[in-house]
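Step one of this worksheet: look at the structure below.
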Amino acid sequence: MQQLCLLHCRMMEERKGDCWIHIKDQFDNLEKHTQWGIEFVDRYSKFVKERSEIETSYAKQIRNLSKKYQPKKNSREEEENRYSSCRAFVSTLNELNDYAGQHEVISENLTANIVAELSRYLQELKSERKSHFHDGRKAQQQIESSWKTLEACKRKFERDCKEAERAQQHFEKMDADINVTKADVEKARQQAQGRHQMASDSKSEYSAYLQKFNQEQNDHYYSVIPNIFQKIQEMEERRIERVGDCMKTFADVDRQVLPIVGKCLDGMTKAAESIDAKTDSQLVVESYKSGFEPPGDVDFEDYGQAITRTVSETSLSNSRESKEKLGGKSKGKLWPFIKNKNKGSGPEDFSHLPPEQRRKKLQGKIDELNKDIQKEMDQRDALTKMKDVYVKNPAMGDPASVDPRLGELAQSIEKLQYEVQKFEGWLAEVEGRMPSKSDPQRRQSGLYQTTAQNNTPMGSNCAQDRESYTEEQSSETQVKAQAPSANPGPLPTSSTPEFDDEFDEEEALPTIGTCKALYAFEGHNEGTISVAEGELLFVIEEDKGDGWTRVRRNEDEEGYVPSSYVEVFLESNAKGAMTYI
């Protein structure tokens, strides 16, 4: 058998090609190698998984960093956002947030395209490998079993031959012995013939099984095992190709996000290039310039005269003495320390600020009050329209139910108008005192005349310039004392901050649904809009109990219509716009 195996090995080596059948006697080594291949794929999968986790952690840290340095919603941050450098920093943070998103994309693609795919492939590979080696072991067991059967047949044939030879020798001995009876000789002859027949049968059986074994062995080494090894080789080649594809995907995942990462970096560069130092410095000048006229030259005082020195009219000492005679202690030094009894960081009239800063604050307050007045008027007009509808059609509602709210709006408008008059008076006073070159386009108030202050020449000496604070403070006190005579109504003690906080400037409201006009409506009053029966419009503010719905036809046409005149279809995910009723 050993000779047959050696002969078979020589025959196998004569075959051409690169099939793994040349290593048929290395079946155990192949099993170890394929197991190492599976472990290698698993190790690479773990490597990609850890890289994905690193990308996720990095993206999270970048997002947290961007969120940490995002400007807060407070007045200080809003003030800083005026500067181009601050806006550039905010843009950089936004681009950095997008940059973090690309690393999240890398993590997701690595997980989906490599880790998940390799996990499924490993299961398939293990199952396929197990099947192939099971077939190989089965084939080996079968050929080994056939070899054992052949050996058994061979030993049986050998035993039968020896038994037949001994029986023949015994017969010949008995036949030559004259003392043995004829019956014994005949018996020995029959035994010899039986043994020869058994040996002959064993020989036939051994010969037949040997032929069968040789055929099985030939099939085993030339067909069964080569096929199994070929499948294992193909399995191993597919594994290697799959690992190569995954390594290529590993690089492609990064390459795919490079254009977007480049755009993020370009955005950061563009934000940096948008910084304008001159503009920022000019904003600082505009924010903090006081509006004071620089002091004039100090006159020379001659102390060398023997006669009594005449004090210069423009000297600092003369100014101080005159001021102390007229008003006692100077109040000009106390104005920065006046406690604010209202909201904010100073008095209601902003007298603690320099003239230019005070003018800006007063102008901003006037604009804010005017916006509040306009909102109140719009609500009043809407309620008036609704009352007219109730009067014409009592079934829709009671006209008297609108009167209390109209009264409240009238009082609110009156208070706001008085506030506007008060702040315009202070603004006129500040503009009258400011030098003409500090604000060539200063505003002139129609309620207060400041010709006296405008005609007053500005002093040319330091003392007069430094006394401007005290004069301004005393004038403002006079204006406050005279203001009530302009309006016989009750005087508010503050700028009604509840209105300032409630009504903010409206931006373009989003669309929250659509509506269909059930009847025609002629909107003649301000704030309303005319609609035709059956017309479709966009709803931007739903009815909040006042009987009116705010609609929009296009970007330039919007207004209120009676809620009973339209059928509203709100979007399920839309939040109703807030009204000011």
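The values are calculated or read from the model by the stated rules, or taken from the named source; none is laboratory data. In this text, all values refer to a predicted model and were calculated from it rather than measured experimentally. A quick note on method: Cβ atoms are made from the backbone with ideal geometry, for glycine too, and the neighbour counts reach across all protein chains shown. Each accessible area value is taken on the protein alone, full model and side chains, heavy atoms only, with ligands, DNA and RNA left out. Shrake-Rupley method; radii C 1.70, N 1.55, O 1.52, S 1.80 Å.
Observations on the model:
- Test for Glu408: is it open to solvent by less than 30 Å² (accessible area, probe 1.4 Å), over 42 Å from the mean Cα position of the chain (by Cα) and under 30 Å from Trp548 (Cβ atoms): no
- Of all the criteria given as (1) farther than 30 Å from Ile232 by Cβ; (2) under 60 Å from the mean Cα position of the chain (by Cα), the one not satisfied by Met174 is (2).
- Residues that are open to solvent by 60 Å² or more (accessible area, probe 1.4 Å), among the aliphatic types (A, V, I, L, M) and within 21 Å of the chain's Cα centre (by Cα), drawn from region 225-284: Leu258, Ile260, Leu265
- Pairs with Cβ under 7 Å, 6+ apart, first in region 375-401 and closer than 20 Å to Val566 by Cα, second among the acidic types (Asp, Glu): Asp381/Glu526; Ala382/Asp546; Leu383/Asp546; Met386/Asp546; Tyr390/Asp398
- Within region 73-185, helices (runs of 4 or more DSSP H) holding 1 or more residues that are among the β-branched types (Val, Ile, Thr): 84-110, 116-176
- Considering Glu205, Glu172, the condition of being on the phi < 0 side of the Ramachandran plot and touching a residue at least 24 places away in the same chain (Cβ under 8 Å) is satisfied by Glu205 alone.
- The single residue among Lys32, Lys16, Lys24 that is surrounded by 15 or more Cβ atoms within 10 Å (Cβ to Cβ), at pLDDT below 95 and within 24 Å of His220 (Cα to Cα) turns out to be Lys24.
- Pairs, first part of a helix (DSSP H, G or I) in region 39-51, second exposed (fewer than 13 other Cβ atoms within 10 Å of the Cβ) and not hydrophobic (A, V, I, L, M, F, W, C), C-beta under 9 Å, six or more apart: none
- Unique residue being touching a residue at least 40 places away in the same chain (Cβ under 8 Å) and crowded, with 17+ Cβ neighbours inside 10 Å when the list is Asn97, Asn113: Asn113
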